[in-house]
Amino acid sequence: MGGIEDTGARRPPPCAPLPQTTTTPRTGQRALRRRADHLTPQGLSAPLEHRRRRLCSRGAGGVTLCRAADGQSARPPYSAERHIATLALMSSPAAEETRALHERHAPSLEAFEAVYSHSEIVWRIAEELLNSRNDTDIDRDLVRAGSLLHDIGVYRLYGTDGNLDHKKYVRHGLLGHEILAAEGLPETLCRFCSCHTGVGLTRDDVLCQQLPLPPADYLAITEEEKLVMYADKFHSKTTPPKFLTANAYATYVSRFGHDKVDAFTLLRKTFGEPDVHALAAFYGQALTE
């Protein structure tokens, strides 16, 4: 999650852990076949307006998708096995695969819209920064997949009442890492969840702030990880959602120490700044300067 809401109640937005997970990862075809039971053609590419009519009550694995009145799919026949084979071969899932993962794990339509729309915005910001740099050394497909999946762990923090558990929000990266690992996705993708929050979290941060995370360094390492972490800082899923300028986030993160300001300053120098004024106008959202 981006921007100021990353702290939850009182802590800086750390980058959740890479190491041990409490969920035993499932890999390969077995995990993907299990996931395919929850996927339908509608879930892969239907526009949000149509999904609003198709999404129904929460099912065993998350949001369930309605079918037409005649009980048939609203779209042409769909080969789940073909989807499984495609997804198994992709190290960087396409937008339709990442959307399907969100649909599987979202507990409600409202949660899906909040998290997935934010993720799309983060990708748009990252893409703008990439275009301005014209850097061919960065894997654009990996950045896109990381942007679209980085906040998937937030879904596990929604209670049965539909409210987000802000006290445990700092764990959303770890939870996302666990979700993607259990889905059989590679570590390179899982790390976008556990290494995107704030501008990096050290073992000392965890211990000194008594954060509910295993003591470790949770830092973005690759250029792709750093870019997604940085792009995430310019948009917040608060209610209502909003954009932030670089100066606004720098002011916010300064309360956690000069080292955090220095880290953010380095990211600004490395990747530049997106045109958040234009983005805020395009999405019709507020801008904090």
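The values are calculated or read from the model by the stated rules, or taken from the named source; none is laboratory data. Predicted model only: the values in this text are computed from it and were never measured. Virtual Cβ from ideal backbone geometry, glycine too; neighbours counted across all protein chains shown.
Regarding LEU185, is this residue in contact (Cβ under 8 Å) with a residue 24 or more places away in the chain, in contact with a Pro (Cβ under 9 Å, 6 or more places away or on another chain) and farther than 21 Å from ILE221 by Cα?
no
Residues are listed down the side, and each one gets a yes or a no for (1) loosely packed, with under 15 Cβ neighbours inside 10 Å; (2) of a type outside the set (Phe, Trp, Tyr); (3) at pLDDT 50 or above:
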site: LEU87; (1), (2), (3): no, yes, no
site: ALA95; (1), (2), (3): yes, yes, yes
site: ARG99; (1), (2), (3): no, yes, yes
site: GLU110; (1), (2), (3): yes, yes, yes
site: ALA114; (1), (2), (3): no, yes, yes
site: ARG124; (1), (2), (3): no, yes, yes
site: ASN134; (1), (2), (3): yes, yes, yes
site: HIS150; (1), (2), (3): no, yes, yes
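Could you tell me which residue of region 216-233 is nearest to SER147 (Cα to Cα), considering only residues that are among the small types (Gly, Ala, Ser) and under 16 Å from the mean Cα position of the chain (by Cα)?
Per the stated criteria, the residue is ALA231.
Looking at region 256-267, can you tell me whether even one residue there is closer than 28 Å to GLU113 by Cα and surrounded by fewer than 12 Cβ atoms within 10 Å (Cβ to Cβ)?
Scanning region 256-267, I find no residue that is closer than 28 Å to GLU113 by Cα and surrounded by fewer than 12 Cβ atoms within 10 Å (Cβ to Cβ), so the answer is no.
Please pick out the residue among TYR158, TYR230 that is in contact with a Pro (Cβ under 8 Å, 6 or more places away or on another chain), buried (at least 17 other Cβ atoms within 10 Å of the Cβ) and of a type in the set (Ser, Thr, Tyr).
Working: TYR230 fails: in contact with a Pro (Cβ under 8 Å, 6 or more places away or on another chain).
Just a single option satisfies the conditions, and that option is TYR158.
Specify the residue that is farthest from LEU227 (Cα to Cα); the eligible residues are those in region 240-268 that are in contact (Cβ under 8 Å) with a residue 40 or more places away in the chain and polar (S, T, N, Q).
ASN247
If you go through region 237-261 one residue at a time, how many are among the small types (Gly, Ala, Ser) and in contact with a Ser or Thr (Cβ under 8 Å, 6 or more places away or on another chain)?
Residues that pass the stated criteria total 2.
If I go through region 206-232 residue by residue, how many of them are touching a helix residue (DSSP H, G or I) at 6+ places or on another chain (Cβ under 8 Å), in contact (Cβ under 8 Å) with a residue 60 or more places away in the chain and not aliphatic (A, V, I, L, M)?
6
Can you tell me which of (1) more than 12 Å from ILE125 (Cβ to Cβ); (2) of a type in the set (Asp, Glu); (3) surrounded by fewer than 22 Cβ atoms within 10 Å (Cβ to Cβ) is the one ASP275 doesn't meet?
Here ASP275 clears every test but (1).
Out of the residues in region 187-227 that are in contact with a Leu (Cβ under 9 Å, 6 or more places away or on another chain) and closer than 19 Å to GLY272 by Cα, state the one that is surrounded by the fewest Cβ atoms within 10 Å (Cβ to Cβ).
THR222
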